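Following: one structure in structure tokens, then a few remarks.
Taken together, the values in this text are just the output of simple stated rules run on the coordinates, not laboratory data. All values reported here derive from a predicted model rather than from experimental measurement. Here Cβ is always computed from backbone atoms with ideal geometry, including for glycine, and neighbour counts include all displayed protein chains.
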Amino acid sequence: MSAFTRFIAATSSTFPRQCLTGGVLFATGDTIAQQFVEKRGSQHDFPRTLRLALYGGCVFSPLASLWFSKGLERVQFASKPLNIATKVALDQGIASPAFIAMFFSVTTIMAGGSIEEAKKKVENNWWSTLKTAWGLWIPVQALNMALVPVQSRLLFVNVVSIFWNTFLSIKSAAGKKDEGVVELIEAKVEKLH
């Protein structure tokens, strides 16, 4: 059996495919952040990319998959507008705050930081990141659920996720020189409203 055939067999169920996709999307976002925003070139931090790929594939994707398939899918109203509004409100009111805190704490610990450093990272970044998330994901998810056919919704979200994961990578790794980029992105998203 060829390696490609084994790969297809291993990812034939939805859950492994979602985890693999999550890992690839987080790695892609980090690579864009490092190469096009931070302009690292040959100084690319491969361990950072690997950490984000592992986070995306092994932490975020399994939990997000459960949230979307077992949590949000239980919400069913006869009124389509009420259904969309409720799902978006639950997603952005419950999942988004939790996932953002989880991202900063887990990636800090994966990078060798202490629990205290992880707490500090969450305290310093959670609120500004959540506001940016709301500015992006509320309209994206509303459009997704209102206009995109069910079979294409994941693709739509995955395309937007590349840009979101780039932002998260920059925000998580931001040093003094990167703070201006983070503030610029946050301001642009805020101006959309």
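Estimated from the Cβ-Cβ distance and a Förster radius of 41 angstrom, the FRET efficiency linking TRP126 and ALA3 is about 0.50. Here region 104-154 is treated as a sphere whose radius is the Kirkwood value from Cα pairs; by Stokes-Einstein at 37 °C and 0.692 mPa s it diffuses with a coefficient of 254 µm²/s. Put simply, when 100-111, 78-89 are sorted by average Cβ atoms within 10 angstrom per residue, most first, you get 100-111, 78-89. When the listed pairs LYS121/LYS191; LYS119/LYS171; LYS120/LYS191 are checked against a 23 Å cut-off, the alpha-carbon distance exceeds it for LYS121/LYS191; LYS120/LYS191. Extension gain for VAL159 to SER69 (0.36 nm times residue separation, less C-alpha to C-alpha distance): 30.5 nm. Restricting the calculation to Cα atoms, region 3-191 yields a radius of gyration followed by a Dmax of 17.0, 55 Å. Ellipticity at 222 nm from helices only: DSSP H runs of n ≥ 4 in the chain, each -39500 (n - 2.57), divided by the residue count, give -23000 deg cm²/dmol. For region 37-89, the list of chymotrypsin sites (Phe, Trp or Tyr not before Pro) that fall in a loop by DSSP and count at most 16 other C-beta atoms within 10 angstrom reads PHE77. Listed by chain and number, the aspartates and glutamates whose alpha-carbon sits under 17 Å from that of LYS39, ignoring those within fewer than 8 places in the same chain, are ASP30, ASP178, GLU179.
Evaluated with a Cβ-only charge set (Lys, Arg +1; Asp, Glu -1), the chain carries a dipole of roughly 300 debye about its Cα centre, given to the nearest 20. Sorted fewest first by neighbouring Cβ atoms within 10 angstrom, ASP45, ASP91 come out as ASP45, ASP91.
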